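See structure below.
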Amino acid sequence: MTSLMESMGAHLVRTIPWPGTSQADVEPLITREWLITNGLGGYASGTVSGVITRRYHGLLIAALPPPLGRTLMFSHLSEQLRLPDRRTWRLAGEEFVGGLLDFEGTRFLTEFRLETGLPVWRYDVTGFVIEKRVLMPHLQNTVHITYSLVSGDGTLRLKLRPSLHLRSHDDPINRPIQEPYVLTAVEDRIEVSAGSELPALRMFVHGQRKAFTVEGKIISQLHYRSEQSRGYESSGQLWSPGYFAVDLARGMDATLVASTERWDTIRDLAPGDGLAAERERRTRLLFAAHADAREGMAAELVLAADQFIIRPRGRAEDVRARAEGDEIRTIIAGYHWFTDWGRDTMIGLEGLTLTTGRYTEAGYILRTFSHYIHDGLIPNLFPERQRGGLYHTADATLWFFHALHRYLLATDDRETLRFILPKLADIVGHHLRGTRFGIGVDPGDGLLRQGEEGYQLTWMDAKVDNWVVTPRRGKAGEINALWHNALKLMEDWVRREQGDDDARPYAEHAAKAREAFNRRFWNSELNYCWDVVDGEQGNDGACRPNQLLAISLDHPVLDQDRWGPVLEVVREKLLTPVGLRSLAPGHPDYKPKYFGDLRSRDAAYHQGTVWAWLIGPFVDAWLKVHPGDMGSARRFLEGFNAHLNEACIGSVSEVFDSESPFMPRGCVAQAWSVAEVLRCWVRTEEKSERKSAEFGDLHPRL
C-alpha cells in the first residue's frame with residue numbers, strides 16, 4: 001500500500017515550460033497564477049512571474065479569528081543571487097513600478113510545475129539551475145519558501161528582501177501603511193508588529209551563513225494591474241524591514257520561514273520535515289479518493305478540492321457544536337475573495353468530499369450548517385471578520401437536502417439523519433407557512449415563491465448598490481425543482497424513520513407541486529420551461545440553464561417526455577467547452593464578456609456569462625436522457641483539461657466569457673466549479689478491469 005501511495009503522488013505533475021526569450025513571453029507569466037492553502041482559510045498566492053497584480057496576492061495571508069479575518073501579513077519577496085564570480089542577478093520578475101515590468105528576472109525562468117499540487121519554479125542562471133518551492137504547513141499560518149541548487153558548482157549567496165503591507169486581504173491597496181511598524185531583530189530572526197490587534201509576523205531563515213541586515217525601505221508606485229482592470233484603486237506601496245542573506249549550494253538548501261504562530265510552533269517543524277509531511281498528506285488524499293480519481297486530471301482536482309475545505313475559527317455556533325463533541329468544517333466558496341457560502345457548500349459538497357472519500361468531513365460540514373438554521377433557512381454566507389451568518393437566500397436551504405441525500409447514499413449515516421431530521425421538518429414547516437424574504441408556498445398551487453425588494457435570493461444574485469440585476473422575484477424554476485426534490489426526500493426519510501402516516505403530508509405537498517410545475521412552467525411555444533412564473537412582469541421566457549434542475553435532481557419535477565426538448569435547447573443555446581451560459585444569445589440583456597468595473601461585471605454576471613458549475617446538472621440531465629452515453633458526457637468536460645493550464649494553474653475558475661475564446665474570469669479557483677467537474681469526470685469514467693483490480697471500488701454508491 002505504501003509503494004502504491006508513493007507512486008500515485010510521485011507521478012502527479014503538471015509542467016508548463018517558459019522559454020523566457022523575449023518580452024512577449026512575459027504576458028502569460030503575469031496572467032497565470034498559483035495558489036496554496038493551509039486548511040484554515042489562509043493562503044498564499046501570486047502570479048508565476050512573482051509580480052503582484054491583485055490586492056490578494058501575497059506569500060502569507062493568515063486566517064485569524066474575528067474580527068480580524070484573513071490578513072495579508074507578507075506581500076512580496078525580492079530575490080537576488082550572487083554567483084561565485086561575484087556577478088549578481090535578480091532571480092524572478094520584480095513588481096510593476098509606474099506600470100512597467102522589470103523584465104530581467106523573468107528571463108531565467110525555464111519551467112513552472114505543480115508536484116502533487118505544490119508549486120515549483122525552475123531557473124537557469126548562466127548554468128546554475130535553482131528550484132524554488134512554496135509550502136504552507138497544514139493548519140498553520142506559516143509559509144516556507146525553499147531554494148535548492150540542482151546543478152552548478154560552487155556556493156551562491158542568496159539575498160531575500162521581504163516587503164509588507166499589514167492589512168485585511170480585502171482592503172484597498174492604497175490604504176496607508178500604519179506607521180510605524182515595530183521591528184525586533186535578533187541574529188537571523190525578526191518580528192514585525194503593527195499594534196496590539198494583529199499578531200506579530202515572525203521571520204527567519206534556515207541555511208548556512210545566514211544573517212539579517214536592517215535596512216528599512218518604502219517601495220512606492222506599485223501598479224496592481226488586475227485591480228485596475230476591475231475598476232479598483234491600482235497604485236500602492238510596500239514597506240521592507242531589510243534583507244536576509246544565506247548561502248546556497250548543492251545539498252545545502254535555504255528556506256525563508258514567515259509565520260504568525262508562536263516561535264516554538266514555527267521551529268518544531270523543520271522545512272524538510274514540513275515538505276515530507278505535506279507530500280504524505282496529499283498522497284493520502286489521493287489514496288482516499290474514488291478509484292477513478294487517483295490519476296490524471298481527476299487526481300489534480302482532488303488536490304484542488306482540498307483547498308476549499310477548512311476549519312473556521314471563532315464563530316458563535318461553533319462553540320456549541322464543539323461542546324456536543326463534534327468537529328467544525330466548512331467550504332470556502334472561492335479564492336481569493338469569497339468566504340463560505342451555504343449554496344456553494346451544498347452544491348459542491350458531493351464533489352469536494354464524497355468523490356474524494358472525505359466522508360467524515362462531509363458529515364462535519366452538514367452538521368456545522370445545521371447549527372446555523374434559523375427561521376427555516378441556512379446562511380447564505382458568513383461575512384469576513386464576523387461571527388454570524390447572513391440568511392438572504394431562497395435556494396441554499398433546499399440544496400442542503402440534496403447534499404444530505406448524496407451523503408447518506410455514500411455513508412448510510414443514520415445517526416446524522418436522525419440528528420438533522422427534526423430541523424429539516426422545521427425547515428419545511430417554515431416554507432409552508434412562509435418565512436423571511438417573502439419565501440413561502442402559495443397555497444393555491446403548492447409552488448414556492450420568493451422575493452423581497454432590495455434582495456437577490458437565487459443563485460443569480462448580482463447586486464450593485466440598490467440595483468438587483470436579476471431579481472427573479474416570483475416562482476423561479478430551479479427553486480421549485482429543489483422544493484419538490486426536498487419534499488420527496490423528506491417523504492422517504494420520514495417513512496423510514498417514523499412510518500407512512502408521518503410521511504404522507506410530504507408526499508401530498510410534492511404531488512401538488514409537481515402537478516402545478518408541469519402545468520404552469522411548461523412553455524409549449526418555445527418547447528422549454530419558463531424561467532420564472534408569476535413574476536413582477538408576468539412569466540419570464542428567458543432561456544436559462546436553471547430549468548436543467550427540473551431534470552437533473554434525484555427526484556425530477558418535470559415530466560419525462562419534456563426532458564429531451566429542454567436538453568436539446570440548452571445544448572444548442574447554452575453549452576460551451578467550459579460550462580453553460582447563464583442566458584442565451586439573442587436576448588436583449590445578453591452580455592458576451594464579463595469585464596470592467598464592478599457595475600459592468602455584475603451587469604453581465606448572470607446575463608450570458610459562462611458558469612463552470614452548471615456542467616454538473618447538464619451532464620446529469622444528459623445521462624438521464626441518454627442513459628449509458630458516457631462518451632458524449634465525457635466530451636462535454638474535456639475543455640477543462642486545457643483550462644487547468646490557465647488562470648489558477650491546476651484549478652477551475654468561477655466564470656468565463658460567453659463567447660470564444662471563453663476567457664476565464666472572476667475567482668481563479670472556485671469550489672463548486674472544481675466539485676462539479678471532478679464529480680462528473682469520475683461519473684463518466686470508462687471502467688476498466690485493471691483499475692478495479694488495482695485500486696478496488698471503495699465508493700460503490702457514488
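Structure notes:
- Inter-label distance for H138 and R387, nm, one decimal - labels placed 7 Å from Cα along Cα-to-Cβ: 3.0
- Fewest-first sequence of W672, W530 by Cβ atoms within 10 Å of each Cβ: W530, W672
- Between 0 and 90 degrees, the angle of helix 271-288 with respect to the longest Cα principal axis of the chain falls at about 20 degrees.
- Over 18 Å between alpha carbons, listed pairs K423/K512; K475/K591; K423/K475; K512/K624; K423/K488; K132/K217: K423/K512; K475/K591; K423/K475; K512/K624; K132/K217
- Charge dipole (Cα centre; +1 on Lys/Arg Cβ, -1 on Asp/Glu Cβ; no other charges) of the stretch 293-695 amounts to roughly 360 debye.
- Net length available on complete extension from R496 to R250 is 82.0 nm, with 0.36 nm assigned per residue and the Cα-Cα distance removed.
- Against the chain, whose longest principal axis comes from its Cα atoms, helix 500-520 is set at around 90 degrees.
- Computed from Cα positions, the angle between helix 359-370 and the longest principal axis of the chain comes to roughly 70 degrees.
- Listed by Cβ neighbour count within 10 Å, with the fewest neighbours leading, S660, S49, S226 appear as S660, S226, S49.
- Of S259, S552, the sequence from fewest to most neighbouring Cβ atoms within 10 angstrom is S552, S259.
- Per the Cα gyration tensor, the chain maps to an equivalent ellipsoid with semi-axes of 46, 26, 25 Å, ordered largest to smallest.
Values in this text are rule-based calculations from the coordinates and carry no lab data. Bear in mind that the values here come from a model prediction, so they are computed numbers and not experimental data. As a convention, Cβ positions derive from the backbone with ideal geometry for all residues, glycine included, and neighbour counts pool all protein chains shown.
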